[in-house]
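Below: one structure, written as structure tokens.
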Amino acid sequence: MRSVNYARPTPALAIHDLRKSYGDLHALKGVTFGLNRGERLAFLGPNGAGKTTLIRCLAGLTSADHGEIFLAGQPFKSSEARQQIGFVPQEIALYADLTTRQNLEAFGRFHGLRRRVLRDRLAWALRWTGLEDRADDLVGAFSGGMQRRVNLACGVMHEPRILLLDEPTVGVDPQSRQRIFMMLDELSATGTSILLTTHHLDEAEERSDRIVILDQGMVVADGSLDELVEQSVGTQRLVRLRIDRPLSAPIRAGVAEHAASFGATGEEEISTRIDDVSDHLPGLIDLVRRRGYGIADVQVEAPSLHHVFLHLTGYELRD
Amino acid sequence: MILNVLQISCRRLLHNRVELLLTFLVPIAFFSIFAIIFGGGLGRGTTPRIKVVAVDEIQSAVSSQVMSALAEQESLRFVREMGADGLKRDEAMELVRSGSATMAIILREDREQLAAELMADASDQVAAQVVSAVVNRSIMLSEAEYQVSQLAGSEQDEDGNQLADDAASDPNNELFGIEESLQRKVQIIDVMGEGKANPVVSMYAAGIAVMFLLFGATGGGGALLEERENQTLDRLLSTQMSMDQLLLGKWFYMSSIGVLQVGVMFVWAQLVFDVDLIGHLDGFLMMTVVTALAASAFGLFLATLCKSRGQLNGLSVILILTMSALGGSMVPRYLMSEELQQYGLWTFNAWALDGYTKVFWRELPVDALAPQLGVLLMSGVVFLLAARVLAVRWETD
């Protein structure tokens, strides 16, 4: 992960105690977090957690019932926010019967760009998406990945300081996904703050500087992956040893209050959690061997965002 | 496999309640509308009455009797009280030309005998035949009654009926059923269609034009719903553009396309069917622009009223075809009962067709279009405002 300057006094975006209800449904129950300049923030949550509502509030598409949003320290005003925020919806929100160039030009104009600025941004967007040679082809004829790139480009024609992305890689192949994240990295490097919602936890883990998890309208975790792991599932590694024959009895080690037991009678796998792999794993292997079992395979699993997410939001289906 | 396809299709239909409703509702709705128009269901007892004026140039006893007989006819409606203000032939013709009356009945003398001229607006192709028959009958009966009373008075015959019977037996008698005689007694003069190459076609062109303006407008409104469904609307509203600008932009676009669409159709009508577009360009443009604006606003209103494109399609088909039927795009309104004609005034089609009729058929100056232009423009504004109010939910949900 890249280092981010958290010491910056005024975040690009600050959300404080945001609440929003639809009738009896409380979509947001006091959401508070910030987004620093140039930061890539993964905004996660199960279906119905309130992610889309929050994104719509930030994009100025709906207003919160309560709470405040600050952009670079200034209170959120819808008209100004539209210049500072870029919004890329989950759907391919393009005109399929227009060409790439015409789509980019249209959304550039909608964002208030004119003449030379529009021309320059159009040229940049075609380069950025790698679609210069397809500039005059109809978007409707493109593959899903290409459409996603144009979809993304239309949201940043006006060089927003903050980019809101609602699942930008749904339905695209790994190559296109890689390309899209390279494009986002490029934006981030120029100081654009990115707030990305996704259900691809590997993307969030690998491609973000910070993670915020929302559940039932509330922020349940906020921090880097390491911080979240430490706060939730802990840093212990899960070790799995596959042995050459079923255990005749659990393997015991230590004495008195330090005694530990590994495995269960009849099983061919022993699993346990250890704090330090380099210190504890050789001892564990040695113990198993001393009990007369051969080691067929060893697996060490570090705690991942997947574990953190399920730990924080539970295993129950949400829809 | 075939059974499976059938089963799935039925299940999908059952799950889509709006579509299911429309599948059965649309045919019933249209059957009912046409049954009402042609069967007199709704307008029973209010069969269409022909708007006429009558001028008695003779002022004789017989002509007065004819006028009285005409006044009692249920099929006629006198738009001016008979003989009240000394209506002259020219004024009566002007009333026909302006559309205030469908026909002017002029009672005059022809070779010392009572005759009638019917100044007709040939756009109503039924009225001339009906009024001709009614006037003929009234003249014949009045003359017969008059002659009978004269004969009875002079005691030339002890029984007037016998005289009448005798007269009927004479094949050359003018009183009863000789075609030649009738033609001389009642003469139909088309005061509207004279000099026009193909006058009625312009009215049908207008009827079709208005119907397709409405279809085009709801299609354009559908694009708005499509943008909402694929989140393009959200994206647009996250830019500098406001909902006001979006709706106005779409309104102007749909109206422009509508004007072009109708324009192209009338150019075709001029080239192929001799409709005089060039000669009526000012009135045509005024009517077409305002009708297109009103129809586009209606399309946007329907789009913002509906939740999905499927709903819009169903609703628009019902409304547009109903409006077209009631408003005279499919069947001339003069064929409908008075009551239905009144209902027709709640449709775009009726006002637009009245306007086009004034332009192409009556050839009235453009200031005569004020009521039609006013109503259409006002309804356009009202629908646009209603669409704006309905679209608020898209900005706040």
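The values are calculated or read from the model by the stated rules, or taken from the named source; none is laboratory data. Keep in mind that this is a model prediction, so the values were computed, not measured. Glycine gets a Cβ as well: all are built from the backbone with ideal geometry, and neighbour counts include every protein chain shown.
Can you list the helices (runs of 4 or more DSSP H) lying wholly within region B:219-310 that have 3 or more residues being within 14 Å of chain A (Cβ to nearest Cβ) and of a type in the set (S, T, N, Q)? Spell out the reasoning first.
Working: elements: B:232-237, B:243-273, B:281-305.
In region B:219-310, there are no helices (runs of 4 or more DSSP H) which contain 3 or more residues that are within 14 Å of chain A (Cβ to nearest Cβ) and of a type in the set (S, T, N, Q).
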- Item | Selection within region A:32-54 - crowded, with 23+ Cβ neighbours inside 10 Å and over 20 Å from A:Leu305 (Cβ atoms) | A:Thr53
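For region A:21-31, which residues satisfy the criterion of being buried (at least 23 other Cβ atoms within 10 Å of the Cβ) and either under 15 Å from the mean Cα position of the chain (by Cα) or within 12 Å of chain B (Cβ to nearest Cβ) (or both)? Can you show your working first?
Residues of region A:21-31 buried (at least 23 other Cβ atoms within 10 Å of the Cβ): A:27-28, A:31.
Answer for region A:21-31, where residues must be buried (at least 23 other Cβ atoms within 10 Å of the Cβ) and either under 15 Å from the mean Cα position of the chain (by Cα) or within 12 Å of chain B (Cβ to nearest Cβ) (or both): just A:Ala27.
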- Unique residue being modelled with pLDDT under 80 and either assigned to a helix (DSSP H, G or I) or within 25 Å of B:Arg137 (Cβ to Cβ) (or both) when the list is B:Gly86, B:Gly45: B:Gly45
- Message: Can you find, within region A:106-134, the residue that is farthest from the other protein chains (Cβ to nearest Cβ) among those that are buried (at least 20 other Cβ atoms within 10 Å of the Cβ) and farther than 23 Å from A:Met182 by Cα?
- Response: A:Leu113
- Task: Scan region B:316-335 for residues that are in a loop (DSSP other than H, G, I, E, B) and on the phi < 0 side of the Ramachandran plot and jot them down.
- Result: B:Ser329, B:Met330, B:Val331, B:Pro332
- Task: Of the numbered conditions (1) touching a Leu at 6+ places or on another chain (Cβ under 8 Å); (2) exposed (fewer than 15 other Cβ atoms within 10 Å of the Cβ); (3) modelled with pLDDT of 80 or more, B:Thr23 fails exactly one; give the number of that condition.
- Result: (3)
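Provide a single number: the residues in region B:339-397 that are among the aliphatic types (A, V, I, L, M) and not in a helix (DSSP H, G or I).
The first filter runs over region B:339-397 and keeps only residues among the aliphatic types (A, V, I, L, M), leaving B:340, B:345, B:350, B:352-353, B:359, B:364, B:366, B:368-370, B:373, B:375-378, B:381-382, B:384-387, B:389-392.
Cutting the leftovers down to not in a helix (DSSP H, G or I) gives us B:345, B:364.
So the answer is 2.
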- Note on the structure: In region A:61-87, anything touching a Cys at 6+ places or on another chain (Cβ under 8 Å) and at the interface with chain B (Cβ under 8 Å from one of its Cβ atoms) is listed as A:Ser63
- Query: Can you find a residue in region B:87-108 that is without any contact (Cβ under 8 Å) to a residue 12 or more places away in the chain and over 24 Å from the mean Cα position of the chain (by Cα)?
  - Reply: yes
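Go through region A:180-201 and give me each residue that's outside any strand (DSSP E or B) and buried (at least 20 other Cβ atoms within 10 Å of the Cβ). Walk me through it before giving the result.
Start the filter on region A:180-201 by keeping residues that are outside any strand (DSSP E or B), which leaves A:180-192, A:198-201.
Listed by number, the residues that qualify are A:Ile180, A:Leu184, A:Leu187, A:Ser188, A:Thr192, A:Thr198.
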- Query: Taking the condition touching a Cys at 6+ places or on another chain (Cβ under 6 Å), within 24 Å of A:Ile55 (Cα to Cα) and either not assigned by TED's automatic domain parsing to the domain that holds A:Leu54 or not polar (S, T, N, Q) (or both), does A:Phe181 pass?
  - Reply: no
- Query: For A:Gly45, all conditions in the list (1) touching a helix residue (DSSP H, G or I) at 6+ places or on another chain (Cβ under 6 Å); (2) farther than 13 Å from A:Leu164 by Cβ; (3) facing chain B (nearest Cβ under 10 Å); (4) not aliphatic (A, V, I, L, M) hold save one; what is the number of the exception?
  - Reply: (3)
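Filter region B:340-397 for residues that are away from chain A (no Cβ under 14 Å) and within 30 Å of A:Gly50 (Cα to Cα); which is surrounded by the most Cβ atoms within 10 Å (Cβ to Cβ)? Before the answer, list the steps.
Kept after step one, since they are away from chain A (no Cβ under 14 Å), are these residues of region B:340-397: B:340-390.
Next cut, within 30 Å of A:Gly50 (Cα to Cα) only: B:387-390.
Working: B:Ala387: 25, B:Arg388: 17, B:Val389: 11, B:Leu390: 16.
In this case the residue turns out to be B:Ala387.
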- Only one residue in A:Phe87, A:Phe70, A:Phe76, A:Phe107 is within 27 Å of the chain's Cα centre (by Cα), free of Cβ contacts under 8 Å to residues at least 40 places away in the same chain and assigned by TED's automatic domain parsing to the domain that holds A:Val212, so which one is that? A:Phe76
